[in-house]
Amino acid sequence: MGCHSSKHLHRELTEIDPLPTKICPTCKQQLTQRGWCQPCEIKRFKDDFHNWTSGNNDLDNIIRHSQLNTTGPLMFLEWIPYDKFENIKEVDRGGFGVVYKATWDLGPKLYWDDSRRCWVREGEKQVVLKRLYNSKNANAEFWNELNRHRCKQNKYIPRFYGFSRSPSTKDYVLVLELVDGDLRHHLKKNFVDTTWEKKLGIVYNIAHGLMTIHNAGLIHRNFHTGNILRHFNGSQFLTYITDLGQYKPADKQNRNDIYGVLVYAAPEVLRGEEYTEASDVYSFSIIMWEIASGQRPFYDRPHNAELAREICNGLRPPIIMETPQCYVELMEKCWNADPKERPDIRELEKTLMSWGWHMGVSQKHSVSDQFISAEKERLRLLEHLGSQLEPFKKPHPESFYKSRLLNFPDLPKPRNLYDGIGDSNDQTYSISGISGEDERKTSETD
């Protein structure tokens with residue numbers, strides 16, 4: 001049965017009146033949504049099973065399970081032949097795969113048109129294709145882990161349309177919603193215009209997204225600014241968290257191997273311990289630092305065993321001078337060497353939400369005062385330095401911000417550099433790119 005594609009979908013949907021009784025004309029049962037009869041749709045999916053296969057039984061079962069348990073349109077996976085994609089262009093390479101931008105000629109299925117006896121599809125759609133390295137050799141554990149995370153989709157996770165397969169490499173491909181880009185590149189492009197109020201909004205949205213993941217009983221395990229996406233929907237920026245369940249190469253499922261980005265990984269993880277919610281919170285603290293500074297963490301040195309050893313011994317990124325003190329203290333709590341001393345993500349989300357309330361409603365508060373003062377200092381630096389401001393430094397040639405195997409034997413037991421929270425660094429850093437002491441001298445001579 002051929003599929004019907006609508007290039008004027010939104011107009012069509014508004015012109016189609018729902019049935020007066022909201023009853024399916026085929027089975028006479030109640031419709032769950034406009035044009036959607038769950039029993040009939042499931043039967044159509046079943047009848048179509050023999051018409052497609054991914055070539056992998058485990059993956060076939062995942063797709064079929066999603067279709068048999070769906071409760072509405074855009075809530076199930078499809079097997080999408082690769083020839084349905086046009087204008088395929090590579091946009092990035094990560095530790096576990098290659099990312100492409102493409103046009104899906106028909107777009108996802110929306111509902112069954114009983115009068116035309118075919119599926120109505122959304123029509124031509126821009127999507128992301130993520131080809132997973134060596135996924136042709138992936139085992140059931142890999143696919144089950146990926147599916148476990150997919151089932152927890154929410155508004156903080158990009159929509160997952162289904163799977164395809166590269167005809168040249170035979171690797172499997174994830175088909176995902178297209179968004180503008182990752183937070184790392186967003187900060188680089190927009191850092192000068194990103195006020196402290198905007199920074200707080202970004203941090204809160206990330207915390208809320210991570211909270212929904214933890215509330216679903218999941219752990220990200222590979223949390224960094226390359227896996228946080230920013231998308232402008234025409235009226236506001238949205239924040240998404242991606243790559244859930246993708247924390248190891250598809251063909252490497254040794255439970256003892258640890259993969260990730262060294263500078264975001266918690267010290268206990270570097271020592272080979274299991275990922276926990278607390279290790280995600282540590283990664284969140286490094287993301288907080290990156291949002292405050294606009295700089296990649298430890299950009300100026302090799303990302304090697306020596307750095308891993310120093311992180312376990314308490315080394316953290318230098319505190320940014322222009323940062324509100326409440327922000328610094330929360331960040332330092334999150335990167336505590338002891339996982340049990342780090343705040344829970346739910347506590348973090350609540351704290352950040354209260355800060356946002358004070359900023360927006362009750363500006364006569366110590367928290368508001370700190371953010372207002374930090375913003376004034378940020379603007380002063382921008383005016384003082386002008387074109388000389390270079391918040392983005394060229395990274396060391398041996399720094400790595402893509403996921404890779406983290407194998408550093410004999411690392412010391414993690415500890416804090418100092419006993420007191422708030423003293424984790426004796427070094428300060430300014431977004432002007434000079435040390436805190438030099439910045440103070442510069443201010444005195446103005």
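The values are calculated or read from the model by the stated rules, or taken from the named source; none is laboratory data. The structure presented is a predicted model; accordingly, all values stated were derived computationally and were not measured. Backbone-built Cβ (ideal geometry, glycine too); neighbour counts: all protein chains shown.
Points worth noting:
- Condition check for T71 on (1) touching a strand residue (DSSP E or B) at 6+ places or on another chain (Cβ under 6 Å); (2) part of a loop (DSSP other than H, G, I, E, B); (3) surrounded by fewer than 17 Cβ atoms within 10 Å (Cβ to Cβ): one failure, at (1).
- Being buried (at least 17 other Cβ atoms within 10 Å of the Cβ), in contact with a Lys or Arg (Cβ under 9 Å, 6 or more places away or on another chain) and farther than 20 Å from Y401 by Cβ is a property that V179 lacks.
- Scan of the stretch 71-108 for residues that are farther than 30 Å from L405 by Cα and either under 19 Å from the mean Cα position of the chain (by Cα) or of a type in the set (S, T, Y) (or both), ordered by number: T71, Y82, T103
- Tally, over the stretch 323-333, of residues that are surrounded by 23 or more Cβ atoms within 10 Å (Cβ to Cβ), in contact with a helix residue (DSSP H, G or I) (Cβ under 6 Å, 6 or more places away or on another chain) and of a type outside the set (A, V, I, L, M): 2
- The single condition from (1) of a type outside the set (F, W, Y); (2) closer than 20 Å to N147 by Cα; (3) part of a strand (DSSP E or B) that I88 fails is (2).
- Residue in the stretch 119-132 that is without any contact (Cβ under 8 Å) to a residue 60 or more places away in the chain and part of a loop (DSSP other than H, G, I, E, B) present: no
- Residue ID - surrounded by the fewest Cβ atoms within 10 Å (Cβ to Cβ), chosen from residues in the stretch 36-64 that are without any contact (Cβ under 8 Å) to a residue 40 or more places away in the chain and under 29 Å from the mean Cα position of the chain (by Cα): N57
- Selected residue (criterion: nearest to the chain's Cα centre (by Cα)) from residues of the stretch 195-241 that are assigned to a helix (DSSP H, G or I) and hydroxyl-bearing (S, T, Y): T225
- Candidates Y172, Y161: the one that is under 28 Å from V269 (Cβ atoms), in contact (Cβ under 8 Å) with a residue 24 or more places away in the chain and not β-branched (V, I, T) is Y172.
- Residue in the stretch 374-391 that is modelled with pLDDT of 95 or more, surrounded by 14 or more Cβ atoms within 10 Å (Cβ to Cβ) and touching a Gly at 6+ places or on another chain (Cβ under 9 Å) present: no
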